[in-house]
Amino acid sequence: MTDAARLLDGPRGPKPTRRLSRRNIILYGTLSVMALYYALPLYVMVVTSLKGMPEIRMGNIFAPPVEITFEPWVKAWSEACTGINCDGLSRGFWNSVQILVPSVILSIAVASVNGYALSKWRFPGSEVFFTILMIGVFIPYQVMIYPIVILLRELGLYGSLWGLVLVHTIFGMPLLTLLFRNYFTSVPDELFKAARVDGAGFWGIYFRIMLPMALPILVVAMILQVTGIWNDFLFGVIYTKPEIYPMTVQLNNIVNSVQGVKEYNVNMAATLLTGLVPLTIYFISGKLFVRGIAAGAVKG
Amino acid sequence: MRTTDTPPALREDSSRPPNPLFRNLTAKLASLPMVLTALVVFVGCTGWTIVHSFTGSKLLPKLKWVGFDQYEKLWNTRRWLVSIENLALYGIFSLCFTLVIGFTLAALLDRKIRFEAAFRTIFLYPFALSFIVTGLVWQWILNPDLGIQSVVRSMGFTSFEFDPLYNASIVIYGLLIAGLWQGTGFVMVIMLAGLRGIDEDVWKAARVDGIPVWKTYVRVIIPMMRPVFITALVVITSGIIKVYDLVVAMTAGGPGIASEVPAKYVYDRMFSSQNLGQGFAASTMMLLAVVVVLIPWAYLEFGGKKHD
């Protein structure tokens, strides 16, 4: 049984001992029904991925497995086919890791320097560029994807891993820059001035004072970027080629492929595997995840 | 108030560089990625696409002007019209339901209940998942032969029908179920933050005056949370216009063209049917839609402040 499913049992039991009032029944009843809607897909994913195909064909999608088998997981990881390649999702996983690591590092590095420059080293026009960046958040990607293909081709990066890294850095920039700018603005100017008087320069202050202070926001930015980049589909499908497709693209190709018999258990194991990275981050980071997405929503 | 370009301590002793362009050169160089992104990508690429939407580009972008031909053709294409209709339907429903569900969940969680953290965790976890994962799970749950439909039928309701992914007239609601599952938790979090920001005295005053709880929400709390609602509105809307992955994973636009959306039209025209001009025109229309939504918001948000 999953954790999520076990948590569901809480409010429905006789626990609210003091008052089993009508108000409480409605309150906890509504919440439990809603919780069921949210928890159900995760439960179905887990349960389906542990059943054999005969059991799936015969039985109920919500029933727990009679006979637990891990074969679908093994198959999804190392044997599932996309086109002629039958080396499973593991390839997509490692591709995603290879895309993820440089993208997260580069995007956070660039954005933190931006935020630092925008808050402490403003130069004529810096706010204009920042405003453009903020407006850019709202431009649909579809408007920019084709010219970027041309740009990447000119740079010799189209279809390569680094091209995608660059794209993630560009499109992660507005939000992260905002995040870092707001954070660094709250650092007292006196501290900055004192460092200047002591002879520290742009980079000296950045590495020795600002970056060490920015640890909490760095973690938030990392959570934001890891989930965002891991979950990306559109950029992966446009800017890479089949050999280096990220996990989401490969997953879609495996599950929605038209040839062959549909193996729902393998499909669900593959889906769960792809969701595992962001889910792990979500369950571990808890409040920080919430802070990250809230920071993204509340514009400064 | 804020540090000027050069702190005074330095301005006096160093001989002023001849060109102000070189003042704080390091800071400017370090901002180069931002400047390039803003100018080349956000301004340049957007402008490039708009300009090229007035050309007859097919396989390759060409500056062969055709005026508004692409737009005319676009609005005479059935698939585009279906896409727009779907987006409008999906958008309106998604907006209403997300706001209502998001607010209701937040309000319920704010009633000082037990297990709040557990409920919050359950409501929000789908937001960590990608639209691809979301679409594939719901595709499986909504599978007519083995999913919900078959389970309900096996319970004795043999004529029960619920196959949104194979029924063109209700496929959009299938997408909606999945989309709401993924996104409402996020709006709930924004709403909950807004509710927590409301002064406890407001509640006390309402209680003293004997105003029922629901009435306090409708008359007092929701009007007070206007900025939160507007933020949620903008976040949801900009998300809706971009809807793409979910459709690809769940229905691939089908059955037929019943669940096509504009973002998918753009992608298909640009990258699979080699009709760049159509793709550019369609994406420019998407941009226009965003502008139409955002300008009133920007006016309310930033224009309104001046009157205060």
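Laboratory data are not the source of any read-out in this text; all were calculated from the coordinates shown. Please read all numbers here as calculations on a predicted model, not as lab measurements. Note that each Cβ is placed from the backbone with ideal geometry, even for glycine, and that neighbours are counted across all protein chains shown.
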From the Cα centre of the range B:82-145 to that of the range A:130-170, the distance in Å is 30 Å
Taking the Cα centre of the range B:179-308 as origin and charging only Cβ (+1 Lys, Arg; -1 Asp, Glu), how large is the dipole, in debye to the nearest 20? 160 debye
Leading residue at positive end of dipole, the protein assembly as shown (Cβ point charges), from B:V187, B:G253, A:V74: B:V187
Taking the simple approach of a point 7 Å from Cα along Cα-to-Cβ for both B:F302 and A:F70, what is their distance in nm? 5.6 nm
For the protein assembly as shown, can you list the cysteines whose C-beta has no other cysteine C-beta under 4.7 Å from it? B:C45, B:C96
Of all chymotrypsin sites (Phe, Trp or Tyr not before Pro) in the range B:145-174, the ones in DSSP coil with at most 12 other Cβ atoms within 10 Å are B:F157
Taking the dipole of the range A:90-297 about the Cα centre (Lys, Arg +1; Asp, Glu -1; charges at Cβ), the one of A:V197, A:V266, A:P212 that reaches farthest to the positive side is A:V197
Classify the protein assembly as shown as rounded, prolate or oblate, taking a ≥ b ≥ c as the square roots of the eigenvalues of its Cα gyration tensor: rounded when a/c is under 1.5, otherwise prolate if a/b is larger than b/c and oblate if not. oblate
Treating only the Cβ atoms of Lys and Arg (+1) and Asp and Glu (-1) as charged, compute the dipole magnitude of the range B:35-106 about its Cα centre; round to the nearest 20 debye. 300 debye
Positive-pole candidate from B:F22, B:A178, B:T46, dipole of chain B, charges at beta carbon: B:F22
What is the local net charge at B:E260, summed over the other residues whose Cβ is closer than 13 Å to its Cβ (Lys, Arg +1; Asp, Glu -1)? +2
Listed residues A:L191, A:L151, A:L166, most fluctuating in chain A (Gaussian network, C-alpha, under 10 Å): A:L191
Taking springs between alpha-carbon atoms closer than 10 angstrom, which of A:V104, A:V128, A:V137 fluctuates most in the Gaussian network model of chain A? A:V128
Quick check on the range B:74-307: take the gyration tensor over C-alpha atoms, sort the square-rooted eigenvalues as a ≥ b ≥ c, and tell me if it's rounded (a/c under 1.5), prolate or oblate. oblate
Past the 20 Å Cα-Cα mark, which pairs from A:K287/B:K215; A:K287/B:K204; B:K73/B:K264; B:K242/B:K264? A:K287/B:K215; A:K287/B:K204
Using the Cα centre as the reference, give the magnitude of the dipole from point charges on the C-beta atoms of the protein assembly as shown (Lys, Arg: +1; Asp, Glu: -1; all else neutral), rounded to the nearest 20 debye. 1240 debye
Cut-off 10 angstrom, C-alpha nodes, Gaussian network model of chain B. Which of B:Y244, B:Y265, B:Y125 fluctuates the most? B:Y125
